[in-house]
Protein chains: 2
Amino acid sequence: MGSVMRRPTIMDIAKAAGVSKGAVSYALNGRPGVSETTRERILSIASDLGWAPSNPARALAPGGRVGAIGMVVDRPARSLGIEPFFMQLVSGVETELAAAGIDLMLQVAENIDSELEVYRRWAAERRVDGVIIVDLRVDDPRPEAMGVLPLPAVVLGGPGGTGGLPCLYTDDGASVREVVHYLAALGHRRIVRVAGPEDFVHTRDRTAGFQEAARHAGLAEARTVHADYTGEAGGRTTRRLLAAAEPPTALVYDNDLMALAGLGVASEMGVDVPSQLSIVAWDDSALCRLVRPSLTAISRDVFGHGRIVAGMLNRLLAGERVEDRETPLGELQPRGSTGPLTS
Amino acid sequence: MGSVMRRPTIMDIAKAAGVSKGAVSYALNGRPGVSETTRERILSIASDLGWAPSNPARALAPGGRVGAIGMVVDRPARSLGIEPFFMQLVSGVETELAAAGIDLMLQVAENIDSELEVYRRWAAERRVDGVIIVDLRVDDPRPEAMGVLPLPAVVLGGPGGTGGLPCLYTDDGASVREVVHYLAALGHRRIVRVAGPEDFVHTRDRTAGFQEAARHAGLAEARTVHADYTGEAGGRTTRRLLAAAEPPTALVYDNDLMALAGLGVASEMGVDVPSQLSIVAWDDSALCRLVRPSLTAISRDVFGHGRIVAGMLNRLLAGERVEDRETPLGELQPRGSTGPLTS
DNA sequence: TCACGATACTGAACCGGTTCAGTCACCGAC
DNA sequence: GTCGGTGACTGAACCGGTTCAGTATCGTGA
């Protein structure tokens, strides 16, 4: 008592062991320069003292790393809470980072400009060692900004348009083609896709796959309309579509939140799912299994994507060369919200 | 060209301005010790050079702060993705922190022990300046652990059981009493509450409020059963309750995810909502408005809670004395999922 | 027996800030 | 004219690590 609790430093260890700071550093980092007996003595003292390296000090030393990576999400704040995607991704990312003792900084941004501002600040203030970029856009300004900063980055999305940054990408076009074939086989011809924002690369890829499959199946009336991933927009769009003279018989949504909203609107308008309308969701979260009818969805391992992309960034930070990587295809999970027309 | 891009330091500024490091530091921090003309010259040079303070260096200096706070969430990873609560809370927290230039570290943990391990590591390695503790338990080990570490902390929950830590609390008992009165007024007598885990303080508070209101309204059959906030558990519990000989006519859920699952199960079992069963959710997220029937819910300003609790932590870190604070009561939002029995 | 090289270690510089104790010039008061 | 005080600034220490250039000690081979 009396002495104020203070974090032990390597200097404390050095004094207790009767050696110099440098020797302690070598011992603790498993580097040559100390004898095995000395190393063990130092490690034991360090453990007795409850020593842990000061992260700021490590980061400050020449060539030091901050031991944290950053992620910025800039979808509309309103939808963020419900969007299962990000928390699952975050869980996966952290699982991978935890092993390396790396932390995750999370920021929500209003738009892509404030997102860039966050990256600039993080780089200037040395807050993070690298970042994971999500929701790649068409002509995305972020990859090129990363080149200037410089802030090592890995992109979730692509391929293409990543400005040389390593990326983890998915062939969404293939998944959407499977959905169209599935719906066409059920007899649907008026299929409309309620998509995410037009300037996302994966939206564009899905749209291309959708059009191609529709043309292939001879569905002249298939088309894509855009919304913004929020339940509100999904509901509004669905209401408009179902009120048309010849409403679609099948709707394909780009996330599960809009699909859920669509299901609600159909019910409100007296349109039965699936006998009068089939609904397919993207991003098969638990939501899809909770509602009635349960939602047919394209299921991807978002948690796994997080692990992989974090691993890629880790290796990039370690100075290794990192190749682009493709994820397994999303799998169509047929459930109660799709079926043949029975009118 | 040829010169490698290097972050500018205050030494670079000092050289350019022809003054010492110390003078630059005084100028940049708005402290006395430099003339107004010199200060302006230094600021202008700093801006020209694109200087920003190195966070590790600032943190390392005596009395320096890391400029980051941490938050650990340890609900079951499965439910995390859909639980709107956390992302809304995070948004609110960050909005408040952004103004002070503070970052947020987020960690997901499997259980309360690994959560404590994270706090210990953060404190030992000086990763964060303080933490926000959520989901306070009965006999929670965390407040007391914080006293030892030492890591400044603010609790979202309580009051009581916070071991002296400042807290932001809600009178959940009052809200649940309002719900019971509302349902009783609609004619319901067999009301069951599907609650969160028993060892959460707010679960216990709600249970107490629920029992008191039930006794007051003469509802002998009202009771509480416990689940774990996941949709799966909410659905399973609902199925069991509705299969009983004399099933409840109203269910009150502790979050909206379980309420959503309950709604699905009711539909699956052919129980109409609201004519045969009324459903009330807690945490009024957009989900409640998207499904049909829309869910009556207790609405709270989770985003606002985040702002307030972050502000409290900020002031605590600044050395100010912080008082416990109560949030406004959650408001009952009656929607389509509740009504009188019409059997 | 001596030179040589390897091993084990020390001392100091360095990272980029903050802060404290001085130094110096200048100004007003007596 | 001198004294004291103040404002402006410098130089150096400090935070807690990492790393590099030396140095002392030892064993070994010729």
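The values are calculated or read from the model by the stated rules, or taken from the named source; none is laboratory data. All of these numbers come straight from a predicted model, not from anything done at the bench. With ideal geometry, Cβ positions are generated from the backbone for all residues, glycine too; neighbour counts draw on all protein chains shown. To get the accessible areas, we keep the full protein, side chains included, count just its heavy atoms, and leave off ligands, DNA and RNA. Shrake-Rupley method; radii C 1.70, N 1.55, O 1.52, S 1.80 Å.
Details
- Those strands (runs of 3 or more DSSP E) lying entirely in the range B:115-177 with at least 1 residues among the aliphatic types (A, V, I, L, M), under 17 Å from the mean Cα position of the chain (by Cα) and on the phi > 0 side of the Ramachandran plot: none
Yes/no per residue for (1) within 14 Å of chain B (Cβ to nearest Cβ); (2) modelled with pLDDT of 95 or more:
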{"site": "A:SER278", "(1), (2)": "no, yes"}
{"site": "A:ASP284", "(1), (2)": "yes, no"}
{"site": "A:ARG292", "(1), (2)": "yes, no"}
{"site": "A:ARG335", "(1), (2)": "yes, yes"}
{"site": "A:THR342", "(1), (2)": "no, no"}
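- Residue within the range A:40-51 that is more than 7 Å from DNA strand D (Cβ to nearest atom), under 37 Å from the mean Cα position of the chain (by Cα) and more than 25 Å from A:GLY130 (Cβ to Cβ) present: yes
- Tallying residues that are within 16 Å of A:ARG58 (Cα to Cα) and surrounded by fewer than 14 Cβ atoms within 10 Å (Cβ to Cβ) within the range A:11-30 yields 5.
- Among the candidates B:ARG58, B:ARG78, B:ARG31, the residue that is outside the structural domain of B:ASP284 (by TED's automatic domain parsing), at pLDDT below 95, within 13 Å of DNA strand C (Cβ to nearest atom) and of a type in the set (Lys, Arg) is uniquely B:ARG31.
- Some residue of the range A:237-256 being out of contact with any strand residue (DSSP E or B) (no Cβ under 9 Å at 6 or more places or on another chain), open to solvent by 10 Å² or more (accessible area, probe 1.4 Å), in a helix (DSSP H, G or I) and more than 20 Å from B:GLY264 (Cα to Cα): yes
- Yes/no for A:LEU89 being open to solvent by less than 10 Å² (accessible area, probe 1.4 Å), within 12 Å of another protein chain (Cβ to nearest Cβ) and closer than 30 Å to A:ARG7 by Cβ: no
- Filtered residue count, the range B:34-55, keeping only those that are over 30 Å from B:ALA124 (Cβ atoms) and near DNA strand C (Cβ under 7 Å from one of its atoms): 1
- Some residue of the range A:168-190 being among the aliphatic types (A, V, I, L, M), within 30 Å of A:GLY147 (Cα to Cα) and open to solvent by 10 Å² or more (accessible area, probe 1.4 Å): no
- Index of the failed condition, B:VAL4 passing every other in (1) within 15 Å of DNA strand C (Cβ to nearest atom); (2) modelled with pLDDT under 90; (3) more than 11 Å from chain A (Cβ to nearest Cβ): (3)
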